[in-house]
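The values are calculated or read from the model by the stated rules, or taken from the named source; none is laboratory data. All values reported here derive from a predicted model rather than from experimental measurement. A quick note on method: Cβ atoms are made from the backbone with ideal geometry, for glycine too, and the neighbour counts reach across all protein chains shown.
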Amino acid sequence: MREVIDLTVIADIERRPSELWAILVLGIVDALAAGSISPSDAIRAFFHAKNCRFVRSKLRDKRADEVMGRGVQLADLFDVMPVEEAHR
């Protein structure tokens, strides 16, 4: 994955940006699980400082901020989710 994903482009889309962010994160996690991308590629393309700043300042969601701050440490994603959501 050579291209960088810039989350600021979702700020003006009619759907809630947090929904699009969640879909993107799930896609990145799925690609990691399938071996399509490496963790370093995911960090370089998606979990970078510009996107972390966007999530913190625009989405203002504690869980989203926590996920971005942890990067692609998949096992830790479940620590920031409520138990019911993690089980789903």
Discussion item. Can you report the number of residues in the stretch 3-27 which are touching a Lys or Arg at 6+ places or on another chain (Cβ under 8 Å), closer than 17 Å to Ser57 by Cβ and β-branched (Val, Ile, Thr)?
Written reply: 1
Worksheet item: Among the residues of the stretch 1-39, which ones are loosely packed, with under 11 Cβ neighbours inside 10 Å and at pLDDT below 85?
Response: Arg2, Glu3, Asp12, Ile13, Glu14, Arg15
Fill in: Test set (1) touching a helix residue (DSSP H, G or I) at 6+ places or on another chain (Cβ under 8 Å); (2) at pLDDT 80 or above - Arg44 fails condition number
(1)
Worksheet item: When you go through Leu74, Leu59 one by one, which is the residue that is at pLDDT below 85 and more than 10 Å from the chain's Cα centre (by Cα)?
Response: Leu74
Practice prompt. May I ask you to list pairs of residues, at least six apart or on different chains, whose Cβ atoms are under 7 Å apart, with the first in the stretch 31-58 being over 14 Å from Trp21 (Cβ atoms) and the second being surrounded by 13 or more Cβ atoms within 10 Å (Cβ to Cβ) and not aliphatic (A, V, I, L, M)?
Written response: Leu32/Pro39; Ile43/Gly71
